[in-house]
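Right, one structure below, let's go through it.
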Amino acid sequence: MTLRLELLPLIFALALASFACRAGGFWIMRFVRMTPRIQSALRAAPLAVMVGIVAPAAARGHPPELLGIAVTAAVMRLTGSDLGAALAGVATVALGRALLRG
Amino acid sequence: MSFSPAGWRRGFLRAQPLAVGVFGYAVAFGLLASEAGLSVLEAALMSATVYSGSAQVATVGGLAAGAGILASVVTVLMLNARYLLYGASLRPWLSQSTPGQAYASLYFLGDGNWLLSMNARNAGEQDAGFVFGSGIAMFLPWVVGTLLGSVAGSWLGRPELLALDFLLVAFCAAMATDLFKSRGDLWTVAVALAVALGVERLAPSGWTIVATGLAGIVAGYFRHEERA
């Protein structure tokens, strides 16, 4: 268990940068008046970010991941359980990777 | 508007499935950190304070290659710029709590618990403690997993074989399917998809989420205008 003192300024600077991002957006919105239009804009962010997380995985075009996304969406539609759908997707990818390697 | 232990509890329990994925990722980071020459304490301190998977992987890699403080800070700012959006979108909810509660919740904010929280909010969750509880649920396995990965070396072997890295993608696909069904937001999805695929081709992946989120915000802004 060692802690090099010369590393502390670096870790502290990184921590500060990280928290500035986490707190900054929230803080800035103090100065923006919440209109229905702004609320509608912010409400659209999660769906867009989800697409932003899924799309690159799909765009890489590996068969296990593509199949995993398809299985996830299908199970979600059928069962309505996001946990079940996500686990089905992960299992599909794990199986697909194992088969492709094997 | 409350920020209650009952709310923390609901958030904490709801985030457990994602916490498993965080744990696997954290173990992988611990392994990487020890390979890069960070001690167990240094790796754990980094996870507890920087608390960002992509940013830590990038800076630890840079550190091993001799990157300085400034380059590392810029990397963290770039990779974490998406949190500006997350925080902004939480404003209407968290501003009803005390500043202490709000900023504590923001300290523990991650991709997964933000998405879960926004989903819960849509489904009628009122208690802002949900954001805090689901954040803690992701933070603990991140720090503990880093410790274990750093200490125990390679007991998990190759984490990618368990496909835990795919868990966040799968959860997003599931929740997006659900949101899409209930709101019919074809417009937002189409804009987001076009931007995501475009940026992914042109720029490093840290920017894809930022650009896509911004595109969604603009799309939402104009969609409201259309309806009004």
Review point. Do we find that B:TYR25 is outside any helix (DSSP H, G or I) and hydroxyl-bearing (Ser, Thr, Tyr) in this structure?
Key: no
Practice item. Just name the residue that is farthest from the chain's Cα centre (by Cα) out of those in the stretch B:135-186 that are of a type in the set (Phe, Trp, Tyr) and at pLDDT below 85. Key: B:TRP155
Practice item. Evaluate the stretch B:29-42: report whether one residue or more is of a type outside the set (A, V, I, L, M, F, W, C), at pLDDT 90 or above and part of a helix (DSSP H, G or I). Key: yes
Study note, to complete from the structure: For the stretch A:10-58, the count of residues that are more than 7 Å from chain B (Cβ to nearest Cβ) and surrounded by fewer than 13 Cβ atoms within 10 Å (Cβ to Cβ) equals 5
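Given the structure, is A:ALA98 in a helix (DSSP H, G or I) and closer than 21 Å to B:ALA15 by Cβ?
no
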Check your understanding: Scanning for something more than 10 Å from chain A (Cβ to nearest Cβ) and part of a helix (DSSP H, G or I), does the stretch B:118-128 turn up at least one residue?
Key -> yes
Check your understanding: Could you list, in sequence order, the residues of the stretch A:76-93 that are in a helix (DSSP H, G or I) and either of a type outside the set (A, V, I, L, M) or more than 7 Å from chain B (Cβ to nearest Cβ) (or both)?
Key -> A:ARG77, A:LEU78, A:THR79, A:ASP82, A:GLY84, A:LEU87, A:ALA88, A:GLY89, A:ALA91, A:THR92
Review point. Looking at the stretch A:59-95, which of its residues are crowded, with 24+ Cβ neighbours inside 10 Å and touching a Pro at 6+ places or on another chain (Cβ under 6 Å)?
Key: A:VAL93
**Study point:** Exclusive hit being without any contact (Cβ under 8 Å) to a residue 24 or more places away in the chain, surrounded by fewer than 21 Cβ atoms within 10 Å (Cβ to Cβ) and among the β-branched types (Val, Ile, Thr), set B:THR98, B:THR49
**Key:** B:THR49
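Conditions tested, residue by residue: (1) over 27 Å from B:TYR103 (Cα atoms); (2) of a type outside the set (D, E, K, R); (3) outside any helix (DSSP H, G or I); (4) touching a helix residue (DSSP H, G or I) at 6+ places or on another chain (Cβ under 6 Å).
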position: A:ALA17; (1), (2), (3), (4): no, yes, no, yes
position: A:MET50; (1), (2), (3), (4): no, yes, no, yes
position: A:LEU67; (1), (2), (3), (4): yes, yes, no, yes
position: A:ALA74; (1), (2), (3), (4): yes, yes, no, no
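Scan the stretch B:10-41 for residues that are over 16 Å from B:PHE139 (Cβ atoms) and either out of contact with any Pro (no Cβ under 9 Å at 6 or more places or on another chain) or surrounded by fewer than 19 Cβ atoms within 10 Å (Cβ to Cβ) (or both) and jot them down. I'd like the intermediate steps shown before the answer.
Step one: filter the stretch B:10-41 for residues over 16 Å from B:PHE139 (Cβ atoms), giving B:10, B:28, B:31-41.
Within the stretch B:10-41, B:ARG10, B:LEU32, B:ALA33, B:SER34, B:GLU35, B:ALA36, B:GLY37, B:LEU38, B:SER39, B:VAL40, B:LEU41 qualify.
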Practice item. Consider B:SER54 carefully, then state whether it is out of contact with any Asp or Glu (no Cβ under 8 Å at 6 or more places or on another chain), within 30 Å of A:LEU87 (Cα to Cα), touching a residue at least 60 places away in the same chain (Cβ under 8 Å) and part of a helix (DSSP H, G or I). Key: yes
Practice item. Only one of these is crowded, with 18+ Cβ neighbours inside 10 Å, of a type in the set (Gly, Ala, Ser) and without any contact (Cβ under 8 Å) to a residue 40 or more places away in the chain: B:GLY87, B:GLY61. Name it. Key: B:GLY87
Exercise for review: Take the stretch B:67-109 and flag every residue that is closer than 15 Å to B:ALA128 by Cα and more than 7 Å from chain A (Cβ to nearest Cβ).
Suggested key: B:TRP93, B:SER95, B:GLN96, B:SER97, B:THR98, B:PRO99, B:GLY100, B:GLN101, B:ALA104, B:SER105, B:PHE108
Check your understanding: Which of the residues spanning the stretch B:79-88 are part of a helix (DSSP H, G or I) and under 14 Å from the mean Cα position of the chain (by Cα)?
Key -> B:LEU79, B:ARG82, B:TYR83, B:LEU84, B:LEU85, B:TYR86, B:GLY87
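The values are calculated or read from the model by the stated rules, or taken from the named source; none is laboratory data. Because the structure is predicted, anything quoted here is derived from the model rather than measured. Virtual Cβ from ideal backbone geometry, glycine too; neighbours counted across all protein chains shown.
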